[in-house]
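Notes follow the structure.
The values are calculated or read from the model by the stated rules, or taken from the named source; none is laboratory data. Quantities reported herein were computed from a predicted structural model and do not represent experimental measurements. Note: ideal-geometry Cβ built from the backbone for every residue, glycine included; neighbour counts use all protein chains shown.
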Amino acid sequence: AGSGPGAGDGPPRLIQGPTKDQLRRLHPREAFRQRLNGSARIACRIRLDSRLENCRVVDEAPPGRGFGEAALAASGYFRFRPPTRDGRPVEGREITVGVEFMP
């Protein structure tokens, strides 16, 4: 195995996430009106083009207030560099992403 850029195995890396304004627009309306913070974790697969796909809600807090659905909507704003194996990008690795909402 070599060393330096492009060699070996590497984990996925966050390139870009949603902005505070984007998250504010996705904040569940009733929770926002009540000034309620919330969060959710979603599990997604990383595509070679850095986008996420096949996302599902792992958990949300507080439950039943819409934060899981909001996190799924936010998934389109995330970009991840795919993990590498033997220096080559690997498609389809699942990653869990936390999303926090604050009014």
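When residues of the stretch 77-97 are filtered for being hydroxyl-bearing (Ser, Thr, Tyr), farther than 12 Å from residue 50 by Cβ and surrounded by 12 or more Cβ atoms within 10 Å (Cβ to Cβ), how many remain?
Total meeting the criteria: 1.
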Open item on the list: Between 13, 47, which is touching a strand residue (DSSP E or B) at 6+ places or on another chain (Cβ under 6 Å), of a type outside the set (Val, Ile, Thr) and surrounded by fewer than 14 Cβ atoms within 10 Å (Cβ to Cβ)?
Closed with: 13
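Report yes if residue 19 is among the hydroxyl-bearing types (Ser, Thr, Tyr) and loosely packed, with under 13 Cβ neighbours inside 10 Å, otherwise no. Break it down into steps so the answer makes sense when it comes.
Values: among the hydroxyl-bearing types (Ser, Thr, Tyr): yes; loosely packed, with under 13 Cβ neighbours inside 10 Å: yes.
Criteria met by residue 19.
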- [ ] Output the residues belonging to the stretch 63-95 that are closer than 23 Å to residue 27 by Cβ and either small (Gly, Ala, Ser) or modelled with pLDDT under 95 (or both).
- [x] 64, 66, 68, 70, 71, 73, 74, 75, 76
- [ ] Would you mind stating whether residue 60 is within 24 Å of residue 32 (Cα to Cα), modelled with pLDDT of 95 or more and charged (D, E, K, R)?
- [x] yes
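Going by the structure shown, is residue 100 modelled with pLDDT of 95 or more, within 14 Å of the chain's Cα centre (by Cα), part of a helix (DSSP H, G or I) and surrounded by fewer than 18 Cβ atoms within 10 Å (Cβ to Cβ)?
Working: modelled with pLDDT of 95 or more: yes; within 14 Å of the chain's Cα centre (by Cα): yes; part of a helix (DSSP H, G or I): no; surrounded by fewer than 18 Cβ atoms within 10 Å (Cβ to Cβ): yes.
No; evaluated as a whole, the condition is false for this residue.
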Open item on the list: among the small types (Gly, Ala, Ser) and out of contact with any Ser or Thr (no Cβ under 8 Å at 6 or more places or on another chain): is that true of residue 70 in this structure?
Closed with: yes
- [ ] Could you tell me whether the stretch 13-23 includes any residue that is at pLDDT 95 or above and small (Gly, Ala, Ser)?
- [x] yes
